[in-house]
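Student: Provided herewith is a single structure, encoded as structure tokens, for subsequent inquiry.
Computed from the coordinates by the stated procedures, all read-outs in this text should not be read as laboratory data. From a predicted model like this one, the values you see are computed outputs, not experimental measurements. Every residue, glycine among them, receives a Cβ derived from its backbone with ideal geometry; neighbour counts consider all protein chains shown.
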Amino acid sequence: MNKIYALLSLILSLQSFAAAQEATTIWLDENKDTCTKNEASFVRKVWPDLEGKDQVRDYYLNGQLALVGTFKSGTEVEEGPFILYHENGNEKAKGKFQNGLHVGVWERWFANGHPDNVTNHQDSFYNGLCTWYYEEGGKCAEVIYQSGIVLQKKYFDKAGQIETDKDHEPVFKKGDPQALPKWVAKHLHYPKKARKKRQEGRVVLSFIVDKTGAIQNVRIRKSAFPALDKEALRLMKLMPEWTPGVKHNRPEDIETYLPITFKLK
């Protein structure tokens, strides 16, 4: 009996210790990458858990809750249920992760509270029936997947009538294949420091063309030299709006890649 009481006492003590620990504070930018406080779009609070997980909460800078979930202890690998929120407090997404992969049913909503989509996942691949909606309300697409492969799809107009597939990737300057290389060549400046050191290379960037055509979430996917990376990021700040992509029969935020080559003549 004394051993049981001792074990219970130890468990309670450990739980009290965990509860009493202060959260670690991490500042995050718009891409959820670690940054300084001055560069932050979010603040993350992390509490260690006794079950091999870290309890995580992200907040917008106005204090509104942005995310609730758990990571595997000491990592950023999502594990278990997650809920995400819009800045106005409405739910944005809800579902489950396993080893960092989406599994099971995920539900998402627009900031106005209307449903955005309901998707089924297996190892992060769409699997089974997935449904998307217009922001104003009404179904716009039903797609049946098998491990990420489309088996069948139906698209609907805003009156609920079947319509043809009009999906396309984001395009720059009405899709002229020469427009983007010409624009890059016109606005790219070879950094003096890199020129002096004879530095050459290719910087590969990813970015989101959002549903309005604006450029968001620029990230370096392949680095060259610091001066070349910095110039590539500067260039992206000048990038004009694109024609947004259409996916699942509606304009959507779509990730796009751009390699920028620096070569001395």
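Student: Given the options Ala66, Ala141, Ala23, state which has the largest fluctuation in a GNM of the chain using a 10 Å cut-off (strictly under) for Cα springs.
Tutor: Looking only at Ala66, Ala141, Ala23, the largest GNM fluctuation is found for Ala23.
Student: Have a look at Val203, Val118, Val143 and tell me which one the Gaussian network model of the chain (Cα, springs below 10 Å) gives the largest fluctuation.
Tutor: Highest fluctuation among the options: Val203.
Student: Within the set of other residues whose C-beta is less than 9 Å from the C-beta of Arg250, count the net charge using Lys and Arg as +1 and Asp and Glu as -1.
Tutor: Surrounding charge for Arg250 is 0.
Student: List the relative contact order of segment 200-246 as a percent without decimals, with contacts defined as Cα pairs under 8 Å and 6+ residues apart.
Tutor: 42
Student: Can you give the calculated 222 nm mean residue ellipticity of the chain, where each DSSP H run of n ≥ 4 adds -39,500 (n - 2.57) and the sum is split over every residue, rounded to the nearest 500 deg cm²/dmol?
Tutor: Values: 4 runs with 45 residues, N = 265.
Using -39500 (n - 2.57) per qualifying helix, the result is -5000 deg cm²/dmol.
Student: Give a quick list of trypsin sites (Lys or Arg not before Pro) in segment 148-239 that DSSP marks as loop, anything other than H, G, I, E or B, with at most 15 other Cβ atoms within 10 Å. It would help to have the intermediate numbers written out before the result.
Tutor: Numbers: sites: Lys153, Lys154, Lys158, Lys166, Lys173, Lys174, Lys182, Lys186, Lys192, Lys193, Arg195, Lys196, Lys197, Arg198, Arg202, Lys211, Arg219, Arg221, Lys222, Lys230, Arg234, Lys237; in loops: Lys158, Lys166, Lys197, Arg198, Lys211.
Taking segment 148-239 and a limit of 15 other Cβ atoms within 10 Å, the loop trypsin sites (Lys or Arg not before Pro) found are Lys158, Lys166, Lys197, Arg198.
Student: Helix 226-237 sits at what angle to the longest principal axis of the chain, using alpha carbons and giving 0 to 90 degrees rounded to 10?
Tutor: 80
Student: Expressed as a rounded percentage, what relative contact order does the chain have, with Cα pairs under 8 Å and six or more residues apart?
Tutor: 9
Student: Please state the relative contact order of segment 25-173 as a whole percent: Cα pairs under 8 Å, 6+ residues apart? Don't skip to the answer; put the middle values down first.
Tutor: Working: 345 pairs, mean separation 13.9, N = 149.
With pairs under 8 Å counted, the relative contact order is 9 percent.
Student: Which of rounded, prolate or oblate describes segment 176-265 when judged by the alpha-carbon gyration tensor and an a/c cut-off of 1.5?
Tutor: prolate
Student: Using a Förster distance of 22 Å, how high is the FRET efficiency between Glu22 and Ser73, based on the Cβ-Cβ distance and rounded to 0.05?
Tutor: Given R0 = 22 Å and the Cβ-Cβ separation, E is 0.85.
Student: Exposure proxy check: Leu84, Leu151 ranked by fewest other beta carbons within 10 Å?
Tutor: Details: Leu84 17, Leu151 9.
Least to most surrounded, the residues fall as Leu151, Leu84.
Student: Can you pull the semi-axes for segment 80-239, root of five times each eigenvalue of the Cα gyration tensor, sorted largest first, whole Å?
Tutor: Taking √(5λ) for each Cα gyration eigenvalue gives 38, 21, 16 Å.
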